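The values are calculated or read from the model by the stated rules, or taken from the named source; none is laboratory data. Since the model is a prediction, treat every value here as computed from it, not as a measurement. Heads up, the Cβs are rebuilt from the backbone with ideal geometry, glycines too, and the neighbour counts pull from every protein chain shown. Accessible surface is based on the protein model in full, side chains and every heavy atom, while ligands, DNA and RNA are left aside. Shrake-Rupley method; radii C 1.70, N 1.55, O 1.52, S 1.80 Å.
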Amino acid sequence: MGIFTNGNICHVYQDFVPTLLPPLRRTAANASPSYGSRQPPPASPCTSAAVTALSSAGSMQRCARLGDSSREARLNRVTLAIPSFRECQTRLRQGGLYWLTIDREDDARRLIRQVLAGLPEQMPASLLCCGIEPQELADGLDKQTGPDELALFDVSRSRLRETLDHLPSELTRAGIGAAGGLLLLALPIEGWLDYDSRQLHAWCRWMRDWLARRRCTLLLVCHGEASQVYRELASANELLSGLARLYRGEGAIRYLLDFWHSEVGVCAEQAFELVVDGEGFRRVTKAQVQPQDVVVDDDDLVLAQREVLGSASASSGRWQFFASRAELLQRAVGARAASVLMAIDDIGEVDEIAQQVHRLRQRSGNALKIVLREMVPGVRYRDERLLLSSGATLVVPHGMPLPGFLSLLESVQGQIWRRALATDFDSLLDRLRPPQLRGLLAPRDFLAALEMIHAGEFGELVHQLLRLRPHPGLRIAQCLSQIRLRRFGDIACVVDGVLYLFLFACRDDGLEPAMANICRLPWRELFEGCERLDSIATLRRDAFVDTAATMAAVAEADEAMEPAAVGRAPLQLRPATLHLAERCT
């Protein structure tokens, strides 16, 4: 049984979960707020304590914008409101069902506000959210933007599937979905994971028919990692009017437009790069230089440190060798499409080499091939990603035989570097540098650290967020006494007797060696399972913020740890004499 509220009046609807707040209405300046007169159908009154008011009426007041003739002249149309796009790439047609998947919740919030801010004043609009507070989205809108009225809904996560199964009928019951209006749904991806392909297509068909009858437009913003659902939706092009994905990867914000139908045309299979611009996004417009358009005379030139080839001789007269990296970089400044081969001979200089590569890429452009060869072992995953994000074309691992290295060098000939280059190297370095935290933290501090790492990411690194449950019969303190977190960025906390472990810059294939390095005993003897979590959105924030119940387990673990884990005295050498029983021959 769901709950529908309007002001202080509460009504009960069978199988209806969303909670409605009064719609926003613009009023004259300094006037008392007024609200829409639309009322739900009569039902029995409800006094359930589960009803939560999202805001007071006064906090939702908006002032009138008088004399704004440019706004009044706008057509009654809906777009994503992202600058620098063509209209056919962002416009939504009346009665259409559009689906956007956005990996990060904060990016979903930003795009939703941008869409709402771009709506015409007279556009009737409704916002239904789950996992995101609709009041926060409404409060974040500028008073000079957005529609006159905005109805806000909140859906409980525990009843999300029930809401989706009954959504069209309950929206009709509540009188939502005015002709020519916009219904914007912001829902977490977990609401769709239980749908198989047939059910998902049936839901889309159901909503499409309902929208067509109401002549109402639906924009569904689904936040969370949605690759599985996205693949299923790609085959629903006859049911959806548009499908797109926004995510962060390779140092940039990517927007993939699978297909998009509107009154002004059809677009499909297009990729764009976005940047954050104020409170929204903006498309990056830059000319894509193709290899055949670049007029160069050094594409077969190879500039290399002597150390890269060792004692081997050059294969052609187009090779030039330099004794030091400084001499090589000085010569490479004037190159445009040459191959520049640099040696990584000191792990401690990786950051310095990355900065030099970044500067060279900025000066010489994307046709230059910058190849780095590891001459010593120890280059970590984070270091490799830093070098690639700084402009390196290829990082050849240590131990690669010379013939294999030369084959890789041939494979990059003619390539154009396509990654997004950060304008400021220091910001890139800070983004890929682990936080100066390690070990066991309080749950609140653990969550704050994850949010800090998550906020600055652009998809360059892969991390591991794990949930580990001790074997029955083992206390969490006993398990913690066998764990040593030595790297900065590797942090853990205890919540409800479960260990949450975060490993900074750890690929999937590196998880098993990392666990073996962290645990004194085989980790499978300590924990009955290792559950990988896709993002911090899957964590119950209330459990991490309320630390009173979990700090007792932390204190118990501290007591169980041997003194060496807290502080170990310096080692002292003592002489020892061994007596041999037999003479050595």
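Just how many % of Cα pairs in region 300-401 lie over 16 Å apart, if you round to the nearest whole percent?
I get 53 percent for the Cα pairs in region 300-401 exceeding 16 Å.
Scaled to the compact-protein estimate 2.2 N^0.38 Å, what is the alpha-carbon radius of gyration of region 457-519, rounded to two decimal places? Each step should come with its number before you reach the end.
Numbers: Rg = 12.4 Å, N = 63, 2.2 N^0.38 = 10.6 Å.
Computed over Cα atoms of region 457-519, the ratio equals 1.17.
What is the set of long-range amide H partners of Leu301 at a cut-off below 5 Å, with H atoms built 1.01 Å from backbone N?
Amide H to amide H, under 5 Å and 5 or more residues apart or across chains, Leu301 pairs with Ser339.
Which three extents, in whole angstrom, do the alpha-carbon atoms of region 208-260 cover along their principal axes, largest first?
43, 19, 18 Å, listed from the longest principal axis down.
Please say if region 377-417 is rounded, prolate or oblate, where rounded means a/c under 1.5 for a ≥ b ≥ c the square roots of the C-alpha gyration tensor eigenvalues, and otherwise the choice is prolate for a/b larger than b/c and oblate otherwise?
oblate
Net charge near Arg540, counting Lys/Arg +1 and Asp/Glu -1 over other residues with Cβ under 12 Å of its Cβ?
With Lys, Arg at +1 and Asp, Glu at -1, the net is 0.
Where does region 114-264 land on Rg(C-alpha)/(2.2 N^0.38 Å)?
So region 114-264 has a normalised radius of gyration of 1.05.
What is the sum of charges around Leu526, taking Lys and Arg as +1, Asp and Glu as -1, for the other residues whose C-beta is under 12 Å from the C-beta of Leu526?
Net of charged neighbours comes to +2.
Run through region 299-367 and list the trypsin sites (Lys or Arg not before Pro) located in a DSSP loop whose Cβ has at most 14 other Cβ atoms within 10 Å.
Passing both the DSSP loop test and the Cβ count: Arg318.
I need the calculated FRET efficiency for the pair Ser227 and Ala323, taking r as the beta carbon distance and R₀ as 56 Å, to the nearest 0.05. All intermediate terms of the calculation are to be shown ahead of the outcome.
Details: r = 48 Å, r/R0 = 0.86.
Result of the calculation: an efficiency of 0.70.
Rounded to two decimals, what ratio of Rg to Rh does region 386-503 give with C-alpha atoms and a Kirkwood Rh?
1.13
Rank these by accessible area, largest first, 1.4 Å probe: Thr79, Thr285, Thr90.
Thr285, Thr79, Thr90
Leaving ligands, DNA and RNA out of it, work out the accessible area of Asp509 with a 1.4 Å probe and give it in Å² to the nearest 10.
110 Å²
Within region 357-417, what whole-number % of the accessible surface is contributed by carbon and sulfur, with the 1.4 Å probe and all protein chains included in the calculation?
Result for region 357-417: 53 percent of the exposed heavy-atom area is carbon or sulfur.
What is the sum of charges, Lys and Arg at +1 and Asp and Glu at -1, for the other residues whose Cβ falls under 12 Å from the Cβ of Ile253?
0
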